[in-house]
1. One residue is enough: does the stretch 107-120 have a residue meeting the conditions buried (at least 20 other Cβ atoms within 10 Å of the Cβ), touching a residue at least 24 places away in the same chain (Cβ under 8 Å) and more than 16 Å from the chain's Cα centre (by Cα)?
2. If I ask for residues that are at negative phi, surrounded by 12 or more Cβ atoms within 10 Å (Cβ to Cβ) and outside any helix (DSSP H, G or I), which ones from the stretch 180-191 would you list?
3. Applying the selection to the stretch 8-22, what residues are within 9 Å of the ligand (Cβ to nearest atom), crowded, with 23+ Cβ neighbours inside 10 Å and not small (Gly, Ala, Ser)?
4. Quick one: how many residues across the stretch 133-151 are of a type outside the set (A, V, I, L, M), touching a Lys or Arg at 6+ places or on another chain (Cβ under 6 Å) and buried (at least 24 other Cβ atoms within 10 Å of the Cβ)?
5. Name the residue that is farthest from the ligand (Cβ to nearest atom), counting only residues in the stretch 75-87 that are surrounded by 13 or more Cβ atoms within 10 Å (Cβ to Cβ) and in contact (Cβ under 8 Å) with a residue 40 or more places away in the chain.
6. Count, please, the residues in the stretch 83-103 that happen to be of a type outside the set (A, V, I, L, M, F, W, C) and at pLDDT 95 or above.
Amino acid sequence: MSSRKLVIAIDGPAASGKSTTAGLVAERLGYLHVDTGAMYRAIALKVLRERIGMEEKERIEALMPTTHVALKLRNGALRVFLDGEDVTDAIRTPHVSKAVSPVSGYHEVRRAMVREQRLLGAEGGIVMDGRDIGTVVFPDADLKFFMVAGIEARARRRQEELAAKGTVLPLDAVLIDMRERDARDTGRAEAPLLRADDAIDVDTSAMTIEQQVRLVLDTVSKKLQESEAQ
Ligand code: DC
């Protein structure tokens, strides 16, 4: 494969499979995986810990200059650090999932995270997943994917993910949370979940993770061949 290092953007709603796919694609290409949702989750965790209300925009935005979020690869797995503390597991609770939507809608929060994300991708060799990667963070990304899946399939995946971590919830409760989060993520004024015009659509409802990874890797191979031929 060519030595050119691409910027690959994967956007989509919650539990569409984008982060798992992005992680495996990055591993196989030897690229860095940046799960931007995890970065916003770390901020939401800090807001909860500081006992700041979700509607307190000014107080939340004022946290940003002194808040440090970092992603590091440890033993092959991506770990998330908040002000130096490993919060990888703490950011996956339903409590944080509820708080992250409003927190990620605030301008200063997004500005700080987008700046960090652009720095991480400046040299290429990156697979970044989120909601606004192909539209805002890297509008010139080499490849953009928009992953979707039916809400039932996504809710089931999220339910299984939570159960594996010891939180057992009825499907209906997961569905309600997911609908709420979808509405917030797509309806907000700042950087809403949006498909980039030049994104490749992938419906993962009936796909296995391996099929998703294969599809992305095949597209990457084609892209690299094309750019070598030029
Ligand atoms: O991908 P996730 O479910 O872990 O993302 C958590 C939240 O963060 C999601 O509700 C929307 C927000 N988010 C965002 O606003 N922009 C991104 N690039 C990634 C996530």
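The values are calculated or read from the model by the stated rules, or taken from the named source; none is laboratory data. Since the structure is predicted, the reported quantities are computational estimates derived from the model, not experimental observations. Cβ coordinates were reconstructed from backbone atoms using ideal geometry, including for glycine residues, and neighbour counts include every protein chain displayed.
1. No, the conditions are met nowhere in the stretch 107-120.
2. Step one: filter the stretch 180-191 for residues at negative phi, giving 180-190.
With the extra rule that they be surrounded by 12 or more Cβ atoms within 10 Å (Cβ to Cβ), the set shrinks to 180-182, 184-186, 188, 190.
Selection gives Arg188, Glu190.
3. Selection gives Asp11, Lys18.
4. Of the residues in that region, 1 qualify.
5. Out of the qualifying residues, it is Leu82.
6. The total comes to 5.
Each row is one residue, and each column tells you yes or no for (1) assigned to a helix (DSSP H, G or I); (2) of a type in the set (A, V, I, L, M, F, W, C); (3) under 16 Å from the mean Cα position of the chain (by Cα); (4) surrounded by 12 or more Cβ atoms within 10 Å (Cβ to Cβ).
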| residue | (1), (2), (3), (4) |
| --- | --- |
| Ala173 | yes, yes, no, yes |
| Met178 | yes, yes, yes, yes |
| Leu193 | no, yes, yes, yes |
| Gln211 | yes, no, no, yes |
| Ser227 | yes, no, no, yes |
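Residues checked against (1) in contact with a Leu (Cβ under 8 Å, 6 or more places away or on another chain); (2) over 18 Å from Thr20 (Cα atoms); (3) not small (Gly, Ala, Ser):
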{"residue": "Asp129", "(1), (2), (3)": "no, no, yes"}
{"residue": "Arg154", "(1), (2), (3)": "no, no, yes"}
{"residue": "Arg158", "(1), (2), (3)": "no, no, yes"}
{"residue": "Leu171", "(1), (2), (3)": "no, yes, yes"}
{"residue": "Arg181", "(1), (2), (3)": "no, yes, yes"}
{"residue": "Pro192", "(1), (2), (3)": "no, yes, yes"}
{"residue": "Ser205", "(1), (2), (3)": "no, no, no"}
{"residue": "Arg214", "(1), (2), (3)": "no, no, yes"}
